[in-house]
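**Q** Take a look at the following structure, please.
The values are calculated or read from the model by the stated rules, or taken from the named source; none is laboratory data. Every value quoted in this text rests on a predicted model; they were computed, and no experiment measured them. Positions of Cβ are backbone-derived with ideal geometry, glycine not excepted, and every protein chain shown enters the neighbour counts.
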Amino acid sequence: MINKQLTDPQSIVVVGGSADISKPGGKILKNIIDGGYKGKLYVVNLKESEVQGIQSFSNPAELPQVDLAILAIAAKFCPDTIEFLTKEKNTRAFIILSAGFSEESEAGAELEHQIVETINNVGGSLIGPNCIGMLNQNYAGIFTTPIPKLDNMGCDFISGSGATAVFIIEAGTPKGLTFSSVYSVGNSAQMGVEDILEYLDKSFDPDTSSKVKLLYIESINKPQKLLKHATSLIKKGCRIAAIKAGSSTAGSRAASSHTGALASSDVAVDTLFRKAGIVRCYGREELTTVASIFMHKELKGRNIAIITHAGGPAVMLTDSLSNGGLEVPHIDHHGAPELLSKLFPGSSVANPIDFLATGTAEQLGTIIDYADNQFESIDGMAVIFGSPGLFEVYDVYKLLDEKMNTCKKPIFPILPSIINVKDEIGYFLSLGRINFPDEVAFGSALCKVYNTPKPAEFIPYPFTIDKMTIRKIIESSEDGYISPGSIQKLLDAAGIPRAGEAVVNSKESAMEESEKLSFPVVMKVVGPVHKSDVGGVVLNVKTQQEVGIQFERMIQIKDTTAILIQPMLSGTELFVGAKSEPKFGHMILCGLGGIFIEVLKDVSAGLVPLCRDEALSMIHNLKSYKIIQGVRGQEGISEERYADIILRLSALLEAAPEITELDLNPLLGKGDKIVAVDARIQIKK
């Protein structure tokens, strides 16, 4: 939907442009002028013939042809203005700053609908309404400040909130973060965050396009589009970080009141971001810190050398990195004593490498050279260097810049003295560098970046399932929870192993079938959803007589339609389940089963379709993974077999998208054998 008239307009009209720069129509005009816009600029103002030195028209009919119209007028006047401009002035791009649309009322939503229909009919582009505008290197089409430093290789930033966009720019600018473009989508009447990302993907040029994308999202309306284009961009060499607001119930209400956005399931958001390779952030500082890390060489391994002249920050950074899964390894390389001899007495090269408060720029350079060229175990360096304010440190920061240019390994500068050496840091930033003022925030962000997986590569399932049988069962079943017999057939068709079982409706058949299955057996009611809560599960039934007694009791339980009998099996209880999330598709969850799923809430999730690497990653990310591996002499469970069941479930859900909920709980696992003991499946056609 984005066209050249929006991104590189040869002419712009500000409708509602004003001399009062405290108003959006005045401030955006000033920003465009101050930004050095090179095209033709006009104003529509009913009372003035000139506004801020720009020719103004009281009647839009007097305007020449114009590419882009920026509207800062009351919502009720926007539809007619846009219709006139599209028909009479060949205008094909619009930015509507005005509020009073769908975020406010039904009447406003109708105005918004009219506007989108008019613009779509001429193949035009719309940003907004209810936004701060957009900014790129061709023009500063926003009515806010600060205007960040613009650079081709800066960040492309798309925000669902104008105010939040301002605050994120404010958080990143002091660090030295630069921007290539900023899109504030407001109500996303025509284009939302996903659509702008699609444009950035389709127009991506590896030589001239930014390779860092930042997103602030309040509502994911097109998750599959977001997944597709984020994955595509990352595979092209880009890196993406995003905040998805509204993860809590209260946050969802706040998001709804702000833009009419409905927060999606937070687990679904996590799985989507993980599948795409997006680094998820939870605040402005974290987002801009992650973006700053993106601006450096990529960290290829988990071993970090901390180079410092101050002990405290090094200890805190060590804790932050270690807690996040990175390593600050002891350096026992044969070159370490030689390096130590080049430093002042009292220094340490064990890691952190502490060259004391009296350390010099020359010593810092020597340490960096050793870490880069001799210490093979080191993958990246974090350099902490501040000042008590007794002397200037220009020489240190100049050397740091030079080493960052020449070193093979990434160097992350942590310069905490933002007051004492403000001028020196300003000099460092003027060289195009970025500062990480807080070592703990940096450490946490680096861990998050390193631990975010690359986009998942879908590989066809290494098995086949009986899709014809699956479709017959689904099509012949009514909406709601399907029968145990149908569930058995579905699991068999998908190749998911299950325990032998029988569904019985009489005492006699219960006694007969239990004998066939061999004792001891388990008896469960069919009908009630939470069987244990109503006394509907009996374990270790050892005789036919006891089967008869239990059948007569259990069949009386409310909502019970039959009794399920299974052999009594042993093993570790596992869980695999699925849920259909609107717009996102099916999520598969796995973890320990039985009561542990409710008590521990230790689950991993993935979006269908899954590949084997994703399934194994889900298992490995469980806090209880060591139990699956086997602990204290207990036999472990084949994670390959567990992953195979997860993949078969993924294939089943693709074949039967009508499934809304599915639980295999518990699965009993022992060694290479995992079988489904209990299952329930709900469908909605």
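**Q** In segment 636-654, what residues are buried (at least 22 other Cβ atoms within 10 Å of the Cβ) and either outside any helix (DSSP H, G or I) or in contact with an Asp or Glu (Cβ under 6 Å, 6 or more places away or on another chain) (or both)?
**A** 637
**Q** Same structure again: Hey, does segment 529-538 have a residue that's assigned to a strand (DSSP E or B), touching a residue at least 12 places away in the same chain (Cβ under 8 Å) and not assigned by TED's automatic domain parsing to the domain that holds residue 629? Don't jump to the end; show me each part of the working.
**A** First pass over segment 529-538, keeping only residues assigned to a strand (DSSP E or B): 537-538.
From what's left, touching a residue at least 12 places away in the same chain (Cβ under 8 Å): 537-538.
Those left that are additionally not assigned by TED's automatic domain parsing to the domain that holds residue 629: 537-538.
Yes; the residues of segment 529-538 include at least one that is assigned to a strand (DSSP E or B), touching a residue at least 12 places away in the same chain (Cβ under 8 Å) and not assigned by TED's automatic domain parsing to the domain that holds residue 629.
**Q** Condition check: polar (S, T, N, Q), under 19 Å from residue 98 (Cα atoms) and touching an Asp or Glu at 6+ places or on another chain (Cβ under 9 Å). Does residue 188 satisfy that?
**A** Details: polar (S, T, N, Q): yes; under 19 Å from residue 98 (Cα atoms): yes; touching an Asp or Glu at 6+ places or on another chain (Cβ under 9 Å): yes.
In short, yes.
**Q** If we keep just the residues of segment 5-26 that are under 16 Å from residue 45 (Cβ atoms) and assigned to a loop (DSSP other than H, G, I, E, B), which is farthest from the chain's Cα centre (by Cα)? Talk me through it step by step, then tell me what you get.
**A** Taking segment 5-26 and keeping what is under 16 Å from residue 45 (Cβ atoms), we get 12-26.
Narrowing the set further to residues that are assigned to a loop (DSSP other than H, G, I, E, B) leaves 16-23.
Numbers: 16: 38, 17: 38, 18: 40, 19: 42, 20: 40, 21: 37, 22: 36, 23: 35 Å.
This residue is 19.
**Q** Still on this structure: Check 48, 88, 83 and return the single one that is surrounded by fewer than 20 Cβ atoms within 10 Å (Cβ to Cβ), touching a strand residue (DSSP E or B) at 6+ places or on another chain (Cβ under 9 Å) and of a type in the set (D, E, K, R).
**A** Values: 88 fails: touching a strand residue (DSSP E or B) at 6+ places or on another chain (Cβ under 9 Å); 83 fails: touching a strand residue (DSSP E or B) at 6+ places or on another chain (Cβ under 9 Å).
That would be 48, the only listed residue that is surrounded by fewer than 20 Cβ atoms within 10 Å (Cβ to Cβ), touching a strand residue (DSSP E or B) at 6+ places or on another chain (Cβ under 9 Å) and of a type in the set (D, E, K, R).
**Q** Looking only at residues in segment 588-602 that are in contact (Cβ under 8 Å) with a residue 60 or more places away in the chain and surrounded by 22 or more Cβ atoms within 10 Å (Cβ to Cβ), which one is farthest from residue 547 (Cα to Cα)?
**A** 588
**Q** Could you check how many residues of segment 189-208 are buried (at least 21 other Cβ atoms within 10 Å of the Cβ), part of a loop (DSSP other than H, G, I, E, B) and without any contact (Cβ under 8 Å) to a residue 60 or more places away in the chain?
**A** Result for segment 189-208: 1.
**Q** Now a separate question. Name the residues in segment 514-523 that are crowded, with 18+ Cβ neighbours inside 10 Å and assigned to a helix (DSSP H, G or I), would you? Give the steps one after another, and end with the answer.
**A** Kept after step one, since they are crowded, with 18+ Cβ neighbours inside 10 Å, are these residues of segment 514-523: 514, 521-523.
Selection gives 514 alone.
**Q** Looking at segment 604-647, which of its residues are of a type in the set (Lys, Arg) and under 26 Å from the mean Cα position of the chain (by Cα)? Outline the logic, then answer.
**A** Step one: list which residues in segment 604-647 are of a type in the set (Lys, Arg), which gives 612, 623, 626, 632, 641.
Of everything in segment 604-647, those that are of a type in the set (Lys, Arg) and under 26 Å from the mean Cα position of the chain (by Cα) turn out to be 612, 623.
**Q** Looking at (1) surrounded by fewer than 19 Cβ atoms within 10 Å (Cβ to Cβ); (2) assigned to a helix (DSSP H, G or I); (3) among the hydroxyl-bearing types (Ser, Thr, Tyr), which one does residue 570 not meet, given that it meets all the others?
**A** Of everything listed in (1) surrounded by fewer than 19 Cβ atoms within 10 Å (Cβ to Cβ); (2) assigned to a helix (DSSP H, G or I); (3) among the hydroxyl-bearing types (Ser, Thr, Tyr), residue 570 misses just condition (2).
**Q** Residue 368 - would you say it is part of a loop (DSSP other than H, G, I, E, B), of a type in the set (A, V, I, L, M, F, W, C) and in contact with a strand residue (DSSP E or B) (Cβ under 8 Å, 6 or more places away or on another chain)?
**A** Here the answer is no, as residue 368 does not meet what is asked.
**Q** Could you figure out which of (1) among the polar types (S, T, N, Q); (2) outside any loop (DSSP other than H, G, I, E, B); (3) farther than 30 Å from residue 223 by Cα isn't true of residue 682?
**A** Unmet condition: (3).
**Q** Residue 594 versus (1) touching a Phe, Trp or Tyr at 6+ places or on another chain (Cβ under 8 Å); (2) closer than 29 Å to residue 517 by Cα; (3) not in a loop (DSSP other than H, G, I, E, B): which is the lone unmet condition?
**A** Condition (3) is where residue 594 drops out.
Listed here are the residues, each with its yes/no results for (1) in the same structural domain as residue 391 (by TED's automatic domain parsing); (2) without any contact (Cβ under 8 Å) to a residue 12 or more places away in the chain; (3) buried (at least 22 other Cβ atoms within 10 Å of the Cβ).
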position: 282; (1), (2), (3): no, no, no
position: 322; (1), (2), (3): yes, yes, no
position: 346; (1), (2), (3): yes, yes, no
position: 351; (1), (2), (3): yes, no, yes
position: 356; (1), (2), (3): yes, no, no
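**Q** Within segment 144-162, is there a residue that is buried (at least 23 other Cβ atoms within 10 Å of the Cβ), of a type in the set (Asp, Glu) and touching a Phe, Trp or Tyr at 6+ places or on another chain (Cβ under 7 Å)?
**A** no
**Q** To continue, here is another question. Considering every residue within segment 47-58, establish whether at least one is closer than 27 Å to residue 192 by Cβ and either modelled with pLDDT under 95 or not aromatic (Phe, Trp, Tyr) (or both). Please lay out each step first, then the result.
**A** So in segment 47-58, the residues closer than 27 Å to residue 192 by Cβ come out as none.
There is no residue in segment 47-58 that is closer than 27 Å to residue 192 by Cβ and either modelled with pLDDT under 95 or not aromatic (Phe, Trp, Tyr) (or both).
**Q** So in segment 439-460, with the set limited to residues that are touching a residue at least 40 places away in the same chain (Cβ under 8 Å) and not in a helix (DSSP H, G or I), which one is nearest to the chain's Cα centre (by Cα)?
**A** 452
**Q** Return the pair list, or none, for Cβ contacts closer than 6 Å from residues in segment 55-80 that are more than 16 Å from residue 95 (Cβ to Cβ) to residues that are part of a loop (DSSP other than H, G, I, E, B) and of a type in the set (A, V, I, L, M), at least 6 apart or on different chains.
**A** Here the result reads 57/63; 58/46, each pair linking segment 55-80 to a residue that is part of a loop (DSSP other than H, G, I, E, B) and of a type in the set (A, V, I, L, M).
**Q** Here's something else I'd like to know. Taking the condition of being assigned to a loop (DSSP other than H, G, I, E, B) and in contact (Cβ under 8 Å) with a residue 60 or more places away in the chain, how many residues in segment 212-230 meet it?
**A** So the answer is 3.
**Q** Residues being of a type in the set (Val, Ile, Thr) and over 12 Å from the mean Cα position of the chain (by Cα): count how many of those fall in segment 208-226. Before the answer, list the steps.
**A** From segment 208-226, those of a type in the set (Val, Ile, Thr) are 208, 212, 217, 220; that's our starting set.
With the extra rule that they be over 12 Å from the mean Cα position of the chain (by Cα), the set shrinks to 208, 212.
Going through segment 208-226 one residue at a time, the tally reaches 2.
**Q** Here's a follow-up. Taking the conditions exactly as written (out of contact with any Lys or Arg (no Cβ under 7 Å at 6 or more places or on another chain), in contact (Cβ under 8 Å) with a residue 40 or more places away in the chain and part of a loop (DSSP other than H, G, I, E, B)), does residue 633 satisfy them or not? Steps first, answer last, please.
**A** Details: out of contact with any Lys or Arg (no Cβ under 7 Å at 6 or more places or on another chain): yes; in contact (Cβ under 8 Å) with a residue 40 or more places away in the chain: no; part of a loop (DSSP other than H, G, I, E, B): yes.
Considered against the rule, which asks whether it is out of contact with any Lys or Arg (no Cβ under 7 Å at 6 or more places or on another chain), in contact (Cβ under 8 Å) with a residue 40 or more places away in the chain and part of a loop (DSSP other than H, G, I, E, B), residue 633 comes out as no.
**Q** Taking segment 56-72 as the search range and keeping residues that are in a loop (DSSP other than H, G, I, E, B) and in contact with a Leu (Cβ under 9 Å, 6 or more places away or on another chain), which one is surrounded by the most Cβ atoms within 10 Å (Cβ to Cβ)?
**A** Filtering segment 56-72 for residues in a loop (DSSP other than H, G, I, E, B) gives 58-59, 63-67, 72.
Then keep just the ones that are in contact with a Leu (Cβ under 9 Å, 6 or more places away or on another chain); that gives 58-59, 63, 66-67, 72.
Values: 58: 12, 59: 8, 63: 21, 66: 25, 67: 21, 72: 23.
The selected residue is 66.
**Q** With the requirement that a residue be in contact with a helix residue (DSSP H, G or I) (Cβ under 6 Å, 6 or more places away or on another chain), within 18 Å of residue 559 (Cβ to Cβ) and surrounded by 20 or more Cβ atoms within 10 Å (Cβ to Cβ), what does segment 474-504 give you?
**A** 504
**Q** Scanning segment 273-321 for residues that are part of a loop (DSSP other than H, G, I, E, B) and under 13 Å from the mean Cα position of the chain (by Cα), which turns out farthest from residue 607 (Cα to Cα)? Full working, then the answer.
**A** Initially, segment 273-321 is screened for residues part of a loop (DSSP other than H, G, I, E, B), giving 277-278, 282-283, 295-302, 309-310.
Those still in the list that are under 13 Å from the mean Cα position of the chain (by Cα) too: 277-278, 282-283.
Values: 277: 13, 278: 14, 282: 21, 283: 25 Å.
Per the criteria, the residue is 283.
**Q** Residue 639 versus (1) without any contact (Cβ under 8 Å) to a residue 24 or more places away in the chain; (2) over 26 Å from residue 500 (Cα atoms): which is the lone unmet condition?
**A** All conditions pass for residue 639, except number (2).
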